[in-house]
Amino acid sequence: MIQILSAYVATTIVFLGLDILGLRFIVKPVFDRHISDLYADPFRMGPAAIFYLAYVAGAIYLVSLPALRNDAPLQALVNGAVLGALAYGTYEFTSLAVMRDWSWEQVITDTLWGTVLTGVSVWAGVMIARWIG
């Protein structure tokens, strides 16, 4: 149980830390060019918090637990990247399909970011959980 909890906490911290940087320097500039007029003002922290906590919980269940069970951190990296590509790609391709001002630049940027972010975050969480024991 300690290993699962440590994986969740570590993954959440890594995910949030990296995403703050990625959103600010990679994703937001692209979204600013295309849909800045659609931004909520003020930013709604509640829905964001629900997403982060639930997404990490799903990643722990689907990716981290099997990787910890198999003692295979690289499995976490690869499967986390697959999960990230699927999750972020679902959002982006759906948005491209139904939203007038969505762009391929947004789809590519955010899907790649979600792929890297999820893979690295769950890998780091698994590594930390293994270290803690």
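What follows is calculated from the coordinates using simple rules that are stated; it is not laboratory data. Predicted, not measured: the structure shown is a model, and the values here were computed from it. Cβ sites come from the backbone with ideal geometry, for glycine too, and all protein chains shown count toward neighbours.
Side notes on the structure shown:
- From least to most packed, judged by other beta carbons within 10 angstrom and beginning with the fewest, D110, D41, D19, D71 follow the order D41, D71, D19, D110.
- Phi to ³J(HN,Hα) by Karplus 6.51 cos²θ - 1.76 cosθ + 1.60 over the stretch 56-62, Hz, x for Gly, Pro: 5, 4, x, 5, 4, 5, 7
- Estimated distance in nm for a label pair at V82 and A97, the labels positioned 7 Å out from Cα along Cα-to-Cβ: 2.2 nm
- Peptides 79-92, 45-58 ordered by packing proxy, namely the average of other Cβ atoms within 10 Å per residue, highest first: 79-92, 45-58.
- Couplings for the stretch 81-88, taken from phi via the Karplus curve 6.51 cos²θ - 1.76 cosθ + 1.60 with θ = phi - 60°, read 5, 4, 4, x, 4, 5, 5, 5 Hz in order; Gly and Pro are left as x.
- Summarised in one figure, the compactness ratio Rg/Rh of the stretch 2-132, Cα atoms and Kirkwood Rh, is 1.01.
- Working note: Debye formula, equal point scatterers on the alpha-carbon atoms of the stretch 61-100, no solvent; log10 I(q)/I(0) at q = 0.15, 0.28, 0.29 Å⁻¹ is -0.44, -0.83, -0.86.
- Integer Hz, Karplus 6.51/-1.76/1.60 couplings in order for the stretch 123-131, x for Gly and Pro: 4, 4, x, 5, 4, 5, 5, 5, 5
- Mean separation of Cα contacts under 8 Å (6+ apart) over length of the chain, as relative contact order %: 44 percent
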